[in-house]
1. From the residues in the range 435-457 that are in contact with a Ser or Thr (Cβ under 7 Å, 6 or more places away or on another chain) and crowded, with 21+ Cβ neighbours inside 10 Å, which one is farthest from I389 (Cα to Cα)?
2. Out of curiosity, is T385 more than 27 Å from the chain's Cα centre (by Cα) and open to solvent by 60 Å² or more (accessible area, probe 1.4 Å)?
3. Quick one: which of Y211, Y226 is surrounded by fewer than 19 Cβ atoms within 10 Å (Cβ to Cβ), of a type outside the set (A, V, I, L, M, F, W, C) and either in a loop (DSSP other than H, G, I, E, B) or modelled with pLDDT of 95 or more (or both)?
4. What are the residue pairs meeting all of these: first residue in the range 330-348, first residue assigned to a helix (DSSP H, G or I), second residue at pLDDT below 95, Cβ atoms under 6 Å, and 6 or more apart or on different chains?
5. Tell me, please, whether a residue that is under 19 Å from F106 (Cα atoms) and β-branched (V, I, T) can be found in the range 246-259.
6. Can you tell me which of (1) closer than 25 Å to W275 by Cβ; (2) open to solvent by 10 Å² or more (accessible area, probe 1.4 Å); (3) in contact with a Lys or Arg (Cβ under 9 Å, 6 or more places away or on another chain) is the one N153 doesn't meet?
7. Since S206 meets every condition but one in (1) without any contact (Cβ under 8 Å) to a residue 24 or more places away in the chain; (2) surrounded by fewer than 16 Cβ atoms within 10 Å (Cβ to Cβ); (3) of a type in the set (S, T, N, Q), which condition does it not meet?
8. Is it the case that the range 419-434 has a residue that's at pLDDT below 95, over 27 Å from A295 (Cα atoms) and either assigned to a loop (DSSP other than H, G, I, E, B) or open to solvent by 60 Å² or more (accessible area, probe 1.4 Å) (or both)?
Amino acid sequence: MKINKFFYAFLTITILFLSCSKDEVLDPLESESNVLQEEVSSKALKQIGSGVMMQAFYWDVPAGGTWWNVVKGKVSSWNNAGIDAIWLPPVSKAQNGPFSMGYDPFDYYDFGQYNQMGSTETRFGSRSELESLITQAHNNGLSVIADMVLNHNSGGDLESNEFAGKDTYTKFMPLSGKFNRTKYDFHPNDKYNSDSGFFGGFPDLSHKKPYVQDWLWKRSNSVAKYYKNTMKFDGWRFDYVKGFEPWVPRQFRDAVGGFAVGEYWDGNVNTLKWWTDQAQMSAFDFGCYYKMRDAFMGNNLNALSGDMLWKRNASRAVTFVANHDTDEIINNKILAYAYILTHEGYPAIFYRDYEDWLSKTKMNNLIWIHNNLAGGSTTNLWTDTDEYIAKRNGGGGKNGLIVYINNSNSWKERWIETNWSNRKIKDYTGNSGWEPTTQGGRWVKIQAPPKGYSVWSLK
């Protein structure tokens, strides 16, 4: 459904004007127009989790306010490749202004429209450029995931603080006029000394304080509701969730809905499972990440037999090979992508791997395989030091597949049992030209190239 361009322009101008207001009560007209835009845009979005997530940034992307336009120029091709959501870096003004990657937040409501912290624009661009990017993503059916840094703030003014026994940088008077903060809103304060964790010496928000909860997710123009209703974000990536209890992101997400994933940086799958159960949302599968690192960097695919979050609850696992914080799988990285893009969980791919470092043709092929073939539960068929074979058993309109990863220096062949009797199969990667027919007992011989992989399904 398309909206008249003049009507759309009117709505956009209205939103921009109202969002710059310092009034703390959301204007009813703004709310009404946002609901209409939400209804119009959301109908065309792909179901998040049906495809692949793109982490649309890396650490120290070029400064100068160009990044939102760079990403905007790529969303159409990403949509065509099978991406269903893009994860953006923190979008609000941070202490380091034009140089910050956003993880030192100062004003949650400054998206590049206020002259503070040394600049008007953020490192990534202006508010209007961000809104244009989000609109372009939505026009291409892509959800947009906001990176929410709720644990700590930075850039406050110095004030006397009897709770800390010293002066602290805890006085925040942002130009947006929204969510002013003082020593009473950080740890230690008059009621609470601490929560789950501090980060890097930054002022640590006290989430048990009603005032903090009101501004983060409860009031009509809270951070959560402003990002959802005015800025049109569709989902949430919560940064450093070890820094607060799981109820914090759970209540934030409950207030506005949408997809949500937490960065609980821990390879202990029991801990990851506990956190996802408590927070009632997904987590990045660091269990899977570290097992893949051991498998591909240690040249021992037996590590893939280890425990991973997706094996406990695939619906709560966001799998990944690299991100802006960690990129340790260097050897045969494409094999790791072959793993996550054929297995259960919601795979996220890293911008630089897709755009700069790996074969885009191979990546697009694996994304297609994930979106069209990789359905159903997973059964391991073979694992040793050099070889790993697993099958997806099919479901959800997908035929399933057999993935064969070969980390050796020579071609490998194996007889394996499929789910198909007397059916011709083919390798959808094109790495093998074989098109064998499965036996009546469903057995068939398949092959994989050296330091490579093949993915088999019904022809």
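1. T438
2. yes
3. Just one listed residue meets the conditions, Y211.
4. Once the first residue is assigned to a helix (DSSP H, G or I) and sits in the range 330-348, no partner that is at pLDDT below 95 comes close enough.
5. No, that holds for no residue.
6. The number of the failed condition is (2).
7. The failed condition is (2).
8. no
The values are calculated or read from the model by the stated rules, or taken from the named source; none is laboratory data. Predicted model, so just to flag it, every value in this text is computed and none were measured. No Cβ is skipped: glycine too gets one built from the backbone with ideal geometry, and neighbour counts run over all protein chains shown. Keep in mind that these areas ignore ligands, DNA and RNA; they rest on the heavy atoms of the full protein, side chains included. Shrake-Rupley method; radii C 1.70, N 1.55, O 1.52, S 1.80 Å.
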